[in-house]
Amino acid sequence: MKVRYADIDLSTGQVRDYHLSEDIVRLYLGGKGLAAYILYQELAPGIDPLSPDNILIFNTTPLTGTGAPCTSRFNATTKNVLTGGIASSNCGGSFGIKLRRAGYDGLIIRGKAPQPCSLMVIDGQITIQDARELWGLDTEQTQHRFDRKYGCVVIGPAGENQVRYACAVSGERVLGRCGIGAVMGSKNLKAVVTYGTRSLPINDPETFRRDVQHWVKALHKNPTTGEFLPRYGTAFWMNIVNRHHILPTLNSQQVKHDQAQRISGEYMTEHHLTRNSGCVSCPIRCERRIMLDGKEIKGPEYETLGLLGANLGVTDIEWINQWNYQCDLLGLDTMSLGVTLSLAMELSQRGIKDYGLNFSQPENISIAIEKIARREEPFDELAEGSAWVAQKYDALSFAIQVKGLELAAYDPRQSQALGLAYATANRGGCHLDGGYPVYFEALGPIAVNGHTVRGKAALTVLMQNLMDAVSTSGFCLFTALGSLPAALFKFKENSFVPRLLGNIIISLPSTHWLWRLMPGLMPLNLPSFLPHPLIIRDVTGMKMTLGQFLQMGERVFNIERLFNIREGLDRQQDCLPERLVSEPAELDKPDTVVHLDKMLDTYYRIREWSNQGIPSPRKLKQLGIAN
Amino acid sequence: MAYSINDKCNGCSACKLLCPVDAISGERKEAHHINPLRCVNCGVCGRVCAQGAVLDDQGQPAVRIPRKQWPLPVIDAHLCSACSMCVDICGKQALAISTPAYKGDLRVYAVLSNPKNCVGCSLCAQICPLGAVTMEVQLS
């Protein structure tokens, strides 16, 4: 299995091929895994993420562009602007497909261009073009300057001004987290543009077509991927999250909002939705299309509705629709923005610092967003992210971030595994990188008790490895959620059977025992339960069992961890904000805090890491990371 | 190997206008050129050339075919998952995802929304992962 990566130095304009051996590609496949390997090899420790020394990698997987379900996603990996550890972010849209059709599987970008530039990867030819006339344009205007059939990743004013949570935009999809846009801005890189027409190899086209047909049917039959997500979008989870009291409200001072229904997927579908849509190659189609000022645009996702909604005390969806669009144009991550704004509001509430922003008052927010993106007074401080602001005003105890990255719109105090996931996720406080165990503790058809710590370390490890495997192979994470049997959804929420199944999951004696032997114990390849390895085999010819697939995820998680360790992030940083471990989510239930200390040692033990969270040489050897 | 244009070309630009991947360049009334890095061997240029100036990927002169006999995509709505691979690859904006029949209708699929734009290049049929697109000549 051969891949072609270009190594581009923006400082000198030099372009060369970057060699990757077939053995390494077999171990990491592509996406965030292979990118983490490259970054670990190439990046000197201790550099400033916004300096020319940082390396930005855009890459794909062998599945990108083949049409396998939900595989249009491409990855961006770099040193994290917010955490100083690793950053990985992935995004739908056609950029990755066009990059591969242009003849490249990945781009490794170094240095800093002397002036604003666009990187053009067209028909296998890489050129660096002057982009001074694009500097200052928003993401929509910038993309309109290129041929409509090209795939683009661009930044807006926020990225140009190196707002630390600036995102990069591709079509209407977004590389949202970790400051990818700021890194592009620091390199004077306004846009990366791809187009090509090469056909992409599929090792066994007949079996591939049959397996894809089977899987698409299974995804359509599954209630999560065939009904809830296409009908209501990711915001379908809003009412469920609110019912479980895990909705961050008023900077996580509360965990539910009486008016949450007004920012739910059901409400949006009833009042705003024009139609649903989806990324290229996706049969799930969870994207929302809504009208704003007579123009059809992308609607907000659950995280945006949660963090710019309930978290700020705002439940008027019209405001959030507008802010979401504004953030996409300016190139700002709505999630980090939401938490940074809620921190600013609590600072004002406590009389520590008044930015003119208050809970439940949406009027000033649009101006604040604009000024943050342009780093204008008095909001320029908020462009540094919540951890920086909290440090300045001695507010770390209620800044809802881990390692510097703001948490998602799920409060972990009644979802213990999620708390552990946030604390240990490699890119910082991220629900997805953390394994999304909240799907079992609240969102999905299996009701794992969110209050207990029993079995949660094993569950978190399993889910983290699964999510990393899915992500590294280029699939959308929702394809994993679509693997649970449809029959489970027939039971009432929190009724006997879902609770029984939840109990079984966390009670399995030493789940980690199974886990250690996993590659040998799981030779299963079922077309309707996690068929990802089957599709990988069809496309690449590389035989892979489900166990080996999960082990690939574990390998990726460990190499990302090694990167973080080398940057000085160890056990001390595997923590949660004080509020989440000491302030009960519900006043009458003192136990509703995250019991991180009770889970972390077990988690390290299952991972076979030292008690400081450092992967053991034995584990690294077993995973093929070290010899 | 890609398609190419020989010196019989009179620069009418018919091929350039129809090429689904914009692989053909050249000024009007001057000889045109096919970019071999971009050409997808769809044969559309050969079908339209009145001069017989287009050579196929084997170096043989391509045969002109009347437009009525060009194949068009036929989409099996039951098989289609509306994944948009065909819509994305179509260089002529001839395809789109259908409009929901009623509010809340999730059963949408790809349709040939703009048949006049279609040049019968077959890229949609080749890319469809489900085999839901076939190319057929419309006899009527």
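No lab work stands behind these numbers, since they all come straight from the coordinates. Nothing here was measured: the structure is a model prediction, and the numbers come from that model. A quick note on method: Cβ atoms are made from the backbone with ideal geometry, for glycine too, and the neighbour counts reach across all protein chains shown.
Structure summary
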item: Burial ordering of A:L273, A:L229, fewest other beta-carbon atoms within 10 Å first; result: A:L273, A:L229
item: Contour excess over end-to-end distance, with Cα ends at A:D17 and A:K598 and 0.36 nm allotted per residue; result: 204.4 nm
item: Rg in Å to one decimal, and Dmax rounded to a whole Å, for region A:235-394 via C-alpha atoms; result: 15.7, 50
item: Region A:412-623: relative contact order in percent, alpha carbon pairs under 8 Å with at least 6 residues between; result: 25 percent
item: Under 24 Å from the Cα of A:K256 - lysines, other chains or at least 8 residues apart; result: A:K456, A:K492, A:K589
item: Sites matching trypsin sites (Lys or Arg not before Pro) across region A:144-214 that sit in DSSP coil, with at most 10 neighbouring C-beta atoms within 10 Å; result: A:R148
item: Net charge over other residues, Cβ less than 9 angstrom from the Cβ of A:L200 (K, R count +1; D, E count -1); result: +3
item: Pairs of Cα atoms farther than 18 Å apart, region B:23-140, %; result: 58 percent
item: For region B:1-65: rounded, prolate or oblate by the Cα gyration tensor [a/c cutoff 1.5]; result: rounded
item: Cα-centred dipole magnitude for region A:369-514, charges only on beta-carbon of K, R (+1) and D, E (-1), debye, nearest 20; result: 680 debye
item: Cα pair distances exceeding 25 angstrom across region A:315-430, given as percent; result: 22 percent
item: Neighbour-count order for A:V448, B:V21, fewest beta carbons within 10 angstrom listed first; result: B:V21, A:V448
item: Lys/Arg +1, Asp/Glu -1 at C-beta; region A:235-394 dipole; positive extreme among A:M291, A:H244, A:Q259; result: A:H244
item: Burial order of peptide ranges A:63-76, A:6-19 (average beta-carbon count within 10 Å, highest first); result: A:63-76, A:6-19
item: Spherically averaged projected area in nm², based on the convex hull that wraps the Cα atoms of region A:79-153; result: 6.1 nm²
item: Neighbourhood net charge (13 Å Cβ-Cβ; Lys/Arg +1, Asp/Glu -1) for A:R73; result: +3
item: Coil-residue GluC sites (Glu not before Pro) of region A:284-374, DSSP, other Cβ within 10 Å capped at 12; result: A:E363
item: Where GluC sites (Glu not before Pro) fall in DSSP loop in region A:118-217, at most 11 other Cβ within 10 Å; result: A:E133
item: Globularity ratio of region A:145-302, using Cα Rg and 2.2 N^0.38 Å; result: 1.28
item: Gyration tensor (alpha-carbon) shape descriptor, region A:412-623, a/c threshold 1.5; result: oblate
item: For region A:1-108, radius of gyration divided by Kirkwood radius, i.e. Rg to Rh on alpha-carbons; result: 0.96
item: For region A:5-195, average projected area of the Cα convex hull in nm²; result: 9.5 nm²
item: 222 nm mean residue ellipticity, helices alone, for the protein assembly as shown (DSSP H n ≥ 4; -39,500 (n - 2.57); rounded to 500); result: -9000 deg cm²/dmol
item: Estimated dipole of region A:352-413 in Debye, rounded to 20 [Cβ of Lys and Arg +1, of Asp and Glu -1, Cα centre]; result: 220 debye
item: Positive-pole candidate from B:A2, B:A96, B:C80, dipole of chain B, charges at beta carbon; result: B:A96
item: Charge dipole magnitude, Cβ of K and R +1, D and E -1 - region A:412-623, Cα centre, debye nearest 20; result: 640 debye
item: Peptide A:272-281 - average C-beta neighbours from other chains (10 Å radius); result: 5
item: Isotropically averaged projected area of chain A, using the convex hull of Cα atoms (one quarter of hull area), nm²; result: 24.6 nm²
item: Dipole axis of the protein assembly as shown (+1 Lys, Arg; -1 Asp, Glu on Cβ), positive-most option in A:W388, A:V556, A:W319; result: A:V556
item: Those lysines that a straight Cα-Cα span of less than 24 Å connects to A:K490, excepting residues fewer than 8 apart in one chain; result: A:K217, A:K221
item: Percent of C-alpha pairs per 10 Å bin, region B:70-137, short to long; result: 24, 56, 19, 2
item: All lysines inside 26 Å of A:K190 as judged from Cα atoms, apart from same-chain residues fewer than 8 positions distant; result: A:K32, A:K79, A:K98, A:K112, A:K149, A:K295, A:K298, A:K371
